[in-house]
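Chemist: This structure is in structure tokens; I'll ask about it shortly.
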Amino acid sequence: MLVKRGLATIVSTVLIVLLVVVSVGVLFGFYKKYLDKAEDDESALCVAGPQVKLTRCVYFNAGTDFSCNGNPAPFGGAYFIVERGPGSGNVRSLRFIITDTSGVEHVEKPIEIPKSIYGISVDYSNFKEYSTIEAAFLQIPPILTYQPAYARVSAVVGTRSDNVCEPTEQPIYCEPYSSYAQPCP
């Protein structure tokens, strides 16, 4: 009788240990699935993330001579001044949502313009709270295929380029360069 009781104790102990190991494995499986989903879902970064807004939007066509030096721009595009408000996290990139005069929305990515031409960077590592930057996009073919009327800006946050936050500000009016600049002498 003592042998049966000792064997029953060993079997029940093994079953309890096995049950604990299986339970820990199941719980870890759920926890790992949650962690993987959280890493993939970077949209949460937009909730308390950086707020950006446009303070200036100027569009131009090819042939615009910005510096009156006889070197007209070879492309059409738009120039923006972007202001960063409060919010945690880093701005990885920007997206410009431009509404044309027909009411159609266009999403444009900023481009780098070398210092030798104008000096606009797409490095936003120093774009801190309550600061401003210049940004631009150029369009090929050289003449804009649409006329911008209004524009908004969105921040791209996280590690993926498709994690574009919703715009946090109202659109602003885009003015043509001819009304913005002084005429060349």
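Chemist: Between ASN69 and ASP123, what is the label-to-label distance in nm when each label sits 7 Å out along the Cα-to-Cβ direction?
Modeler: Distance between the two pseudo-spin positions: 2.3 nm.
Chemist: Can you tell me the length gained on complete extension of the stretch TYR173 to TYR130, counting 0.36 nm per residue apart and subtracting the Cα distance?
Modeler: My answer for the length gained is 13.3 nm.
Chemist: Based only on Cα atoms, what Rg/Rh ratio does segment 53-111 have, Rh being taken as Kirkwood's radius?
Modeler: 1.05
Chemist: Could I ask something else about it? Mind checking the full-extension length gain between GLU105 and GLU166? Use 0.36 nm per residue of separation minus the Cα-Cα distance, one decimal, nm.
Modeler: 20.5 nm
Chemist: If we sort 73-79, 83-89 on the protection proxy, mean other Cβ atoms within 10 Å, highest first, what's the order?
Modeler: Per-residue mean Cβ counts within 10 Å order the peptides as 73-79, 83-89.
Chemist: Next question, about the same structure. Quick one: which residues, 5+ away or cross-chain, put their amide H under 5 Å from the amide H of GLY76? H built at 1.01 Å from N.
Modeler: Excluding prolines and chain starts, which carry no amide H, the hits are ALA62, GLN139, ILE143, LEU144.
Chemist: So, R0 is 35 Å and r is the distance between the beta-carbons of THR9 and VAL47; what FRET efficiency does that work out to, to 0.05?
Modeler: 0.05
Chemist: Please compute the length gained on full extension between THR145 and VAL26, using 0.36 nm multiplied by the number of residues separating them and subtracting their Cα-Cα distance.
Modeler: Additional length available on full extension: 37.2 nm.
Chemist: Please list, in chain and number order, the residues 5+ apart from ARG92 or on another chain whose amide H is under 5 Å from its amide H, with Hs placed from the backbone.
Modeler: Under 5 Å from the amide H of ARG92: VAL156, VAL157, GLY158.
All of the numbers you see were taken from the coordinates with simple rules; none came from a lab. Just so it is clear, the model here is predicted, and its values are computed rather than measured. When we count neighbours, we look across all protein chains shown, and the Cβ atoms used for this are built from the backbone with ideal geometry, even at glycine.
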